[in-house]
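This report concerns only the one structure given below.
The values are calculated or read from the model by the stated rules, or taken from the named source; none is laboratory data. Nothing here was measured: the structure is a model prediction, and the numbers come from that model. Cβ placement follows ideal geometry from the backbone for every residue including glycine, while neighbour counts extend to all protein chains displayed. Only protein heavy atoms, including side chains, enter the accessible area calculation; ligands, DNA and RNA are left aside. Shrake-Rupley method; radii C 1.70, N 1.55, O 1.52, S 1.80 Å.
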Amino acid sequence: MKGLVALFGFILLLATVSHADFMLKPYLYSSDANGTINYTSFSYNNSTAKIVNINGIPALVLLNEQMVTDKGQIGGIIKAYYDANFYLSPEDIATLHDAEDAFNKSRNYMSKYGPVEKTCRSGGTFLDYKPCNDMVSCTQTASLICYVTGSDGCMVDVLATYILDYKKGIDKLEAGNTQFESAYLMLTPDTMGTSFPQMSDALATMKQGADIVAINKLRFPEKTYCADCIGVCPEAHFDYDSLKAAQNSITALQAKTAPYTKLESTIELVSTSTDDRINYKLGEEKAIIFSPKMKSATAKFAGLKAQAIEAKALVSDSNFVAAADSYLNKADALEQDFAMRKFDSFTNEISAYETAGLTLQSMINNSTSAYKIALEAQDSASDKVLEAQWSVNQLSKSSVDSYNSIATRKTQLDSGFKPPATGAQYAALANNYNKVQVDAQTYVAASKSVQQSIFGAGNALGRTSVDGVMSLASSMTPISYKTRKSVATFIPPLVLGIIDISILAIGLLIFVGIFSYFRGGLFRNKLAASGWAMIFLGFVFALIVGSGAFYAIVMSTEQYTSFSDFFGTFKNSASATVIVEETSASQAAVAAMHDCAGQIETQNRLLGKTTNKYYINGNACTSIIPNPAKNNSSEATYTITNSLKASDCLDKMPDVPIFDLYYSTDNKAPVFTTVVTKTATFKYNEAMYGKKPMCPAADILN
């Protein structure tokens, strides 16, 4: 039988909960799906009331499982709950009043001379007979005391000062007690916000009065010595413990009744929430109708919102900003109203949204074009200015001054490149950056001497011959950095030798042909024949000397290799190597060099190139080699090998362009080579390697 009753109780409970869920579900927003819902149940007029809290916020009121929609009834139910749970009990009120009353009664502590305050007022100060409230009136009271008592040496002025001080203390006690009683009598649920502070202030006033009376010079001290006390009043025995208890009671009751300060706002909140959720429930039916229209409208402009936000951060043209703001505001309003199921003017909102979207769509593609052009111009100018910096002749004041002028113009333009800006401003920036680029390019070209041009031709021949042989050899066996470095010096003379032999063979054939054709004429005379022979020998001598000189030029051209020469080699390579020479660098500098190496690798990856990295410290080397990509994965993986010998790393490095990073306390111009090795050597300090957004070695590739 007990089991049957328990089962019936469980079924009844389940039915009640299901009924509550069934009633509440249509009123829940989509954002409430993952929230918390709990009920605060209490008795109200012999019925069961519930406050429904959604995500910790009061949202609805139920009465006997029915939603309450009338604001007055909602307020009555919530107030009843607050009265029952947050208002003062009779015991709370009695405890507070009893504590204050105990302190007030301690004013007339029963001493051996009688009640303290009454005795002092009637016998010690005559205030009951001759009241006073200032120095003039209190002097009269003091004169009366001296006359009645007939005391020798009674000093009226001193006595008047003590009486006035005592009177001020008594007045504070009276005023504080009156204020407390008034606030106490006015205490209701509606006045707690003012009554408690008034009572607290009253207790503070009473303490001030008690402190004045307790040390007044009229008293007859009982336990402590007082040389200037005249002893005409009993010493006070104030019940400070009761005063403190009363103050603590107020603090506790304020905390208990704190929710009352939010009663009206809570009623307003629940009333508004009730109306909104009723409208939301009604709007769910309309949402079925408007949902396809909403999806269709937003699908037309997929991604436009993100584009508009991004473009607004870059462009400040008034027409575009107005169009973007119009679209974004209408998009937000449309989403919010749909979520809140506000469909009163939804058709008009969709129409306005689509119009704003079409307007913005027609402008968005061209909105950032001026910015992009300016950004590209800035990037190109940066590269050329950096290349110009590497071409500066530090021994020439005019060379230094010319470069500084170009660099200063570039810096000034950079400081003015602050998005958002107008299209006209970006166009002006792009134009000025282009001028800087042209001037930097002219500067670089002008920095090349005739000697450099000649050596540049030798560099081209040496690079072409070595690269050609290395390319042919690499088709049969892999060529390493070590192999190229060891054999590259022999290739240019071999190529020159082949060229010389070819020229000699052609010259000999021409000479033999001429000799055969003119042997009956020009070569009949032996002297003439000897002259032609000497000409041929001179030609051979000039060819040998010229080839030797050109070989010397080829093998010494590395010092005249330009960044353009190196970059041309770099562009034609599918990979590159970065060497970080850590020796003699501090830990902070090494970290900056590693960051720079990573930035070079990032730029190489953007250019479709892989990057091998080697960190060399003395004789030790760490290699970081990228693994082949698997399954079209964009995430790079590496094989990291520590504790290698530096010589092994250098010997096994592939024959690809190398970025060699050295530490130097003084920044030096980079050195480029392309014949014996294909290397860009950088010697910078920590600050230059750590330059933001990237180091120069990486920035030139950007």
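Do the alpha carbons of any pairs in K79/K172; K418/K609; K217/K244; K372/K691; K397/K609 sit beyond 28 Å of each other, and which pairs?
Numbers: K79/K172 38 Å; K418/K609 32 Å; K217/K244 26 Å; K372/K691 24 Å; K397/K609 40 Å.
Over 28 Å apart, Cα to Cα: K79/K172; K418/K609; K397/K609.
Suppose accessible area is computed on protein heavy atoms with a 1.4 Å probe; arrange M688, M135, M294, M110 from highest to lowest. Write down the numbers at each step before the final one.
Details: M688 40, M135 80, M294 20, M110 125 Å².
Most to least solvent-accessible, the answer reads M110, M135, M688, M294.
Rank these residues by their accessible area, most exposed first, probe 1.4 Å: D128, D699, D32. Walk me through the numbers before you get to the answer.
On the way: D128 80, D699 45, D32 10 Å².
The ranking, largest first, comes out as D128, D699, D32.
At 1.4 Å probe size, what's the solvent-accessible area of L63? Round to the nearest 10 Å².
For L63, the solvent-accessible surface is approximately 30 Å².
How big is the accessible area of E91 in square angstrom, nearest 10, if you roll a 1.4 angstrom probe over the protein chains?
Surface accessible to solvent at E91 totals approximately 120 Å².
Pick out, from A94, T119, I78, the residue whose Cα sits farthest towards the positive end of the charge dipole of region 78-126, with +1 on the Cβ of Lys and Arg and -1 on the Cβ of Asp and Glu.
In region 78-126, that residue is T119.
Can you tell me the FRET efficiency between A33 and N348 if r is taken as the Cβ-Cβ distance and R0 is 25 Å, rounded to the nearest 0.05? Present the calculation step by step, with values, prior to reporting the outcome.
Numbers: r = 29 Å, r/R0 = 1.18.
About 0.25, to the nearest 0.05.
Return the FRET efficiency for the residue pair T641, D595: r is the Cβ-Cβ distance, R0 is 30 Å, and the value is rounded to the nearest 0.05. List each step's numbers first, then the result.
Working: r = 21 Å, r/R0 = 0.71.
That pair, T641 with D595, gives E of 0.90.
Under a straight-distance cross-link criterion of Cα-Cα below 12 Å, which aspartates and glutamates are reachable from K683, leaving out those fewer than 8 residues away in the same chain?
By straight Cα distance, K683 reaches E581, E582, D660, D666.
How would Y109, Y225, Y614, Y129 rank on accessible area, largest to smallest, probe 1.4 Å?
Numbers: Y109 100, Y225 200, Y614 15, Y129 150 Å².
Result, largest first: Y225, Y129, Y109, Y614.
Enumerate the lysines that K300 could reach by cross-link, defined here as Cα to Cα under 24 Å, with residues fewer than 8 away along the same chain left out.
Candidates past the 8-residue exclusion: K286, K312, K330, K342.
Could you name the aspartates and glutamates whose alpha carbon sits less than 12 Å from that of K167, not counting residues in the same chain fewer than 8 places away?
E117, D128, D134
Keeping all protein chains in position, work out how much accessible area K79 exposes to a 1.4 Å probe, and write it in Å² to the nearest 10.
Its accessible surface works out to 70 Å², give or take rounding.
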